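A short worksheet on the structure shown next.
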Protein chains: 4
Amino acid sequence: MINVGIVGCGYWGPNLIRAFTEVSDARVIAICDISADHLAAMHRRYPALRTTTNFDDLLAAPDLDAIVIATPVATHFDFAMAALRSHRHVLVEKPMASSSDDAARLVDEAARQRLTLMVDHPFIYSSAVRKIGELIRAGDLGDLYYYDSVRINLGRFQSDVNVLWDLAAHDLSILDYLIGTPPARISATGARHLEDTAHNIAYLTLFYDSGLLAHAHVNWLAPLKVRRTLIGGSRRMIVYDELEPSEKVKIYDSGAAPSANDDVSREMRIGYRTGDMWAPRLEVKDALETAAAHFIACIAAGTPPLSGGESGLRVVRQLEAATQSLYADGRPVPIVAEQRK
Amino acid sequence: MINVGIVGCGYWGPNLIRAFTEVSDARVIAICDISADHLAAMHRRYPALRTTTNFDDLLAAPDLDAIVIATPVATHFDFAMAALRSHRHVLVEKPMASSSDDAARLVDEAARQRLTLMVDHPFIYSSAVRKIGELIRAGDLGDLYYYDSVRINLGRFQSDVNVLWDLAAHDLSILDYLIGTPPARISATGARHLEDTAHNIAYLTLFYDSGLLAHAHVNWLAPLKVRRTLIGGSRRMIVYDELEPSEKVKIYDSGAAPSANDDVSREMRIGYRTGDMWAPRLEVKDALETAAAHFIACIAAGTPPLSGGESGLRVVRQLEAATQSLYADGRPVPIVAEQRK
Amino acid sequence: MINVGIVGCGYWGPNLIRAFTEVSDARVIAICDISADHLAAMHRRYPALRTTTNFDDLLAAPDLDAIVIATPVATHFDFAMAALRSHRHVLVEKPMASSSDDAARLVDEAARQRLTLMVDHPFIYSSAVRKIGELIRAGDLGDLYYYDSVRINLGRFQSDVNVLWDLAAHDLSILDYLIGTPPARISATGARHLEDTAHNIAYLTLFYDSGLLAHAHVNWLAPLKVRRTLIGGSRRMIVYDELEPSEKVKIYDSGAAPSANDDVSREMRIGYRTGDMWAPRLEVKDALETAAAHFIACIAAGTPPLSGGESGLRVVRQLEAATQSLYADGRPVPIVAEQRK
Amino acid sequence: MINVGIVGCGYWGPNLIRAFTEVSDARVIAICDISADHLAAMHRRYPALRTTTNFDDLLAAPDLDAIVIATPVATHFDFAMAALRSHRHVLVEKPMASSSDDAARLVDEAARQRLTLMVDHPFIYSSAVRKIGELIRAGDLGDLYYYDSVRINLGRFQSDVNVLWDLAAHDLSILDYLIGTPPARISATGARHLEDTAHNIAYLTLFYDSGLLAHAHVNWLAPLKVRRTLIGGSRRMIVYDELEPSEKVKIYDSGAAPSANDDVSREMRIGYRTGDMWAPRLEVKDALETAAAHFIACIAAGTPPLSGGESGLRVVRQLEAATQSLYADGRPVPIVAEQRK
């Protein structure tokens, strides 16, 4: 049995508490938040939980094996580093840290201590993204042409990060999982429409050496909620709609392929294939529970998590480059290859 | 009665023939195409039409008042210039020409000859875009924050232009109509996935001095057809879905506005207003018929068209800048102010 | 070449004119309507058409091989009988006639004269319904459990028939095509909400001896347009949405089947199978053009049409029974087997 | 503080436990189920709960004020009567009982004991149905023409009741809330497709003396989940889609009204008004929590619940009549007026 403490019970924390409650080898025993109201609401629901407004109480608890961090991004590094130094396994909400330097230091500390450091990249634990990964790895899509994601809603403005760090972080983590290698360079554009806030709308283009083009549209100020990703390949195309209740992943046989006949005009040479559509059955499993169970299993077995610290670091590096481009109205910024020992 | 000749009966030409057939003060009397099959198909439907494969026959026809050009973009300039020089009014399919130099020469020639020169920017003649224009001009949206358009489908690859010139031209013409002033600079990214073809997917960001951010996602290789535009303002937001049968324009009272209370944290200071949604009744009128009737009315009255040559020229200038940025992976390109006499 | 005359150019007639214009072995040469405005509008579009307000002119025309009837239902019998007696092949809009007696007399007259008599049951010529027919006949759905159709919109109130004769006629013709045998009995309920009009909303249940239950909801006074049919079988289920642009027919592997284990409670014994969904590619062909071409081909070959007079008669019989039940608040009415020589 | 015990922790019980956990004046202190697994799963989530497999333990508990019954329908009467006789307030899941006789006896017992007896008709506590009720009462819809509900999915087959008692019970309770008076007669059709099970698909028509026609389509064996209700009135129409995330209730100004001009043909006399659509903001509140809080408030104040025993009895009467008609293939069955003292 792994005993878990959770810091941050505002927006995402309660979801993590619920998820760990369903994991059979884990037990949430203590929670921490600066708001007594948040703690009281959680205690009402889970009367057995110990609560505190002081993070040091978690660090001092003799029975805590792991600490889950669901606080604002700016505080991730301090909480995570303190937890690692007190020899606790750590699961930190995405994005991992405010800077790649901080993220790298956490990776190093966890390695030094031989502790499990995992980032909560929730979508890579969903049945839909898992299925898409299978299809890509099996070559069902052919060469990957594009990944196009729209992730918008009337959202919580966050004070300490722009919309890329909040929403595009999901796409960067999904791409990290699906593609394996980082993009070569990034261009981002966007705007800040309310005084004293960060960019609330942004468009992100990732250029991969393979020819793949990835794009994310993220927006905190949209009149409707959209979570839709198109993935185009030379053989098949996917529409992945996270909000679709039953057919989240649709696979289209339709595509375009150059025809063999060189005599006809170029317009004619594009042969449109339009074929069947297929929506595979997806396992009904809560992604967050799967992630929580994976964290616990990695601790127990000492194996590296699918979304370990290195993955979190790669995502933060790309967010830094994207933000740099954002302030330069789209000027492309190269992603420097990782050179760490 | 204005007598009209049409050159180009492939993809869009038949729609223009049909549209002019419904205009009471116009009569299509002659059509021209290099394909005898296209001409035969049209003649079957409209047995009274004169047909020719030689454009000079149109120029030589003594009874033709106006020539409509629905041929590939690369040929627009030659056909349009020849028509103007033979003293015919001209309606040319969008985009107006392959270069801003060519477009400017057409504008000058039409001015010199006091002829009507109109570009077929069809959406600005639709009830939906007209209604949006009314709402914006009435201040119902407040300050304009963003315009976000997705215009994708499994489309005709065109041999002589990239996807921006085909699809983003619509958004540039809609923005030209809605906003009035051109953007200050443009960033575009994209990719070409099939050999020997132009860019088939592109993302376009337009930066306006007012703070408005406009974006278009255009794609010839998408598994599904989308024609959806979000327009965000400080007071209201619009979802305009061209494919929605009955409620093309939805107006949302919801928005975010900074609250007056400075004491609370920044996250708290964003007050989310979420209110009613409203879908106004739109007049059921075919946009292309409206455009055709407008062209005929402008000829008759000698008044300048809503989408005259100057508007076509502004769109072409922006397409040139966008293509330049496209080849530079998003590097922003300024839009030079027009300085023509 | 078959020369066609069309009577009725109001609502549906123009669609039939357009459809026959695209059939290579047919030529529409004359049209008839009581409204000079309707005729003028058609003549503007098709200047070669002869027009008349007198149906006798069609009967007297020496060059007419076939007459197409697109007039109000109450007039179908007179026009069709006169056309058959003047030895013209006849295509009549659905429903075939106002009573089964009239319908039977038309069938007899056509047989006596060895003429082609076809009813325009347009949906059975659509790619979607054809594909569904193939799947059913191949046994892909298993035993048929139910057919459930919703066919509603803000529609044209018709003065001479209730909503069943207008809209449910489509479902009865589709079922006649898919199932082959008529239902054993019919129950219908409905209401008339406006003075001096027929029933404007109705619900129709058809009981088949096989155990199949079919139902149609038809409504002229609905706020939105729906054309959706669910077909449930023991092995697969279909969702057929006529308004869906690209995926009109979706096939679900999911279903329920009694499990083998008798020990568990009955609720447990229903094993829910939930599997993949599949949307087959459908040929893009206009159903009305297919129907028009089929009519011409049947005349040329002397073969019986898919929706010949007998099919039209079966549909009218069922509409009569349904109307009888409608006035008795759902009391079931048996369908008498046809006993005609 | 009202102390609550809950019997039945299978399908719906856990939702009720969660709902009462959020009500500030209530405390769930004990639960009962025949399955030790169900009890263990609940205890894991709520470690403070007392659990038992013996209902008598609830009856014997000295600290229980109210008992909530979420067991199969066939057991409702026995549990509810025992609870009332042990002087506990009762909330029973819908439908209230297996027969109107049983339902009436519960109503009488609660009256005799002056206890709160409430039926969990959850939708009448939702913001959407509340808003619809307001609109109807304010006359915004004009005369009510029809109520048409589709309530289908791939559902749990229940062993002891047919699909009407499971799903149509919702529509009957919504209508009881919206209309106030019961229908005059009922016609129902349906089928049973799996051996040893009850009817799994049914169509229900309710005839009201006012001219209102109500209909429900309920189906446990549908390939997709639909929860959509259309409500048509002489002035406005409503589309209520329970599964729509943000715009559950849409109000259409469009309708048809007889025009004043008697000279034109009847078809012409129907003037189609097509106007704006409007989706009011709905309060975001969980319907089940609202129902739970209402139950507690009624106990505290001694006031009758919105969905008290009489309402539950009316719904059961109509379910009985509907089932009778179901076995007679749609023959209409009158609803006998209540004559109880």
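Positive contributions from Lys and Arg (+1) and negative ones from Asp and Glu (-1), summed over other residues with Cβ under 11 Å from the Cβ of D:GLU244, come out at +1.
Shielding by partners for peptide D:184-195, expressed as the average number of C-beta atoms from other protein chains within 10 Å of each residue's C-beta, is 6. Take the Cβ atoms of C:ASP143 and D:ASP276, set R0 to 60 Å, and the FRET efficiency comes out at 0.80. Annotation for A:GLN324 and B:VAL284: the two label points, set 7 Å from Cα along the Cα-Cβ direction, are 5.7 nm apart. Other residues whose C-beta falls under 9 angstrom from the C-beta of A:PRO332 contribute a net charge of +2, scoring Lys and Arg +1 and Asp and Glu -1. Of all chain B residues, the closest to the B-onto-D rotation axis by Cβ, with that distance in whole Å, is B:TRP278, 3.
Looking at the protein assembly as shown, the DSSP beta bridges with both ends there are about 60 percent antiparallel. Between copies, the label points of D:ARG137, set 7 Å from Cα on the Cα→Cβ line, lie 4.4, 5.8, 5.9 nm apart, reported in increasing order to one decimal in nanometres. Interface residues of the range D:44-71, defined as those with an accessible-area decrease of at least 30 Å² between the chain by itself and the complete set of protein chains (probe 1.4 Å), are D:ARG44, D:ARG45, D:PRO47. For the segment D:83-96, counting C-beta atoms of other chains within 10 Å of every residue's C-beta and taking the mean gives 0. Pairs spanning more than 29 Å between alpha-carbon atoms, out of B:LYS250/B:LYS285; A:LYS131/D:LYS94; B:LYS285/C:LYS250; C:LYS248/D:LYS250: A:LYS131/D:LYS94; B:LYS285/C:LYS250. Summed over both chains, the accessible area lost when D and C associate is about 4700 Å², using a 1.4 Å probe. Diffusion coefficient (Stokes-Einstein, Kirkwood radius over C-alpha pairs, 20 °C, 1.002 mPa s) for the range B:174-213: 181 µm²/s, rounded to a whole number. Panel values: the range B:17-72, Kirkwood radius from alpha carbon pairs, Stokes-Einstein at 10 °C and 1.306 mPa s, translational diffusion coefficient 134 µm²/s.
Using the Cβ of D:GLU283 as centre and a radius below 9 Å, the other residues enclosed give a net charge of +4, where K and R count +1 and D and E count -1. Taking the range D:11-124 on its own, what percent of its Cα-Cα pair distances exceed 16 Å? Above the 16 Å cut-off, the range D:11-124 has 59 percent of its Cα pairs.
Scoring D:196-202, C:131-137 by mean Cβ neighbours within 10 Å over their residues and listing the highest first yields D:196-202, C:131-137. Taking one quarter of the surface of the C-alpha convex hull of the protein assembly as shown gives a mean projected area of 54.7 nm². Round to a whole number: what % of the accessible area of the protein assembly as shown belongs to carbon and sulfur, probe 1.4 Å? Solvent-exposed carbon and sulfur of the protein assembly as shown make up 49 percent of the total. Think of it as helices only: each DSSP H run of n ≥ 4 in chain B is worth -39500 (n - 2.57), and spread over all residues that comes to -9500 deg cm²/dmol at 222 nm. Within chain B, the whole DSSP H helices whose Cα atoms reach 24 Å or more along their own axis and whose mean Kyte-Doolittle score is at least -0.5 are B:309-326. In the range B:137-231, the ratio of gyration radius to Kirkwood radius, Rg to Rh, stands at 1.01 when only Cα atoms are counted. For chain A, the solvent-accessible area with a 1.4 angstrom probe is 39 square angstrom per residue. With every protein chain in place and a 1.4 angstrom probe, the accessible-area ranking of B:TRP278, B:TRP12, C:TRP165, largest first, reads B:TRP278, B:TRP12, C:TRP165. Amide H to amide H distances under 5 Å link A:THR51 with A:ILE31, where only residues 5 or more positions off or on other chains count and H is placed in the peptide plane. How big is the gap, in Å, between the Cα center of the range B:125-154 and the Cα center of the range A:127-158? Each part reduced to its Cα centre gives a spacing of 29 Å. Within the assembled protein chains, the solvent-accessible surface assigned to A:MET81 is about 10 Å², based on a 1.4 Å probe. Put simply, the Cα atoms of chain C extend 78, 45, 43 Å along their principal axes, the longest span coming first. Between D:ASP160 and A:ALA36, the modelled labels are 4.8 nm apart [label points 7 Å from Cα along Cα→Cβ]. Taking GluC sites (Glu not before Pro) across the range D:278-335, the ones in a DSSP loop with at most 12 further Cβ atoms lying within 10 angstrom of their Cβ are D:GLU283.
Across the identical copies, the 7 Å label point of A:ARG85, projected outward along Cα→Cβ, sits 6.9, 8.1, 10.6 nm from its counterparts, in ascending order. Near the amide H of D:ALA26, within less than 5 Å, lie the amide hydrogens of D:ILE2, all on another chain or at least 5 residues away, with H placed in the peptide plane. Taken residue by residue and averaged, Cβ atoms of other chains lying within 10 Å of the Cβ of B:16-26 number 1. Sorted shortest first, the separations between the D:ALA300 label point and its copies elsewhere in the assembly read 4.4, 7.3, 8.2 nm; each point sits 7 Å from Cα along the Cα-to-Cβ line.
The values are calculated or read from the model by the stated rules, or taken from the named source; none is laboratory data. Owing to the predicted nature of the structure, the values given are computational and were not obtained by experimental measurement. Cβ atoms come from the backbone with ideal geometry, glycine included; neighbour counts cover every protein chain shown. Ligands, DNA and RNA are excluded from the accessible area calculation, which covers all protein heavy atoms including side chains. Shrake-Rupley method; radii C 1.70, N 1.55, O 1.52, S 1.80 Å.
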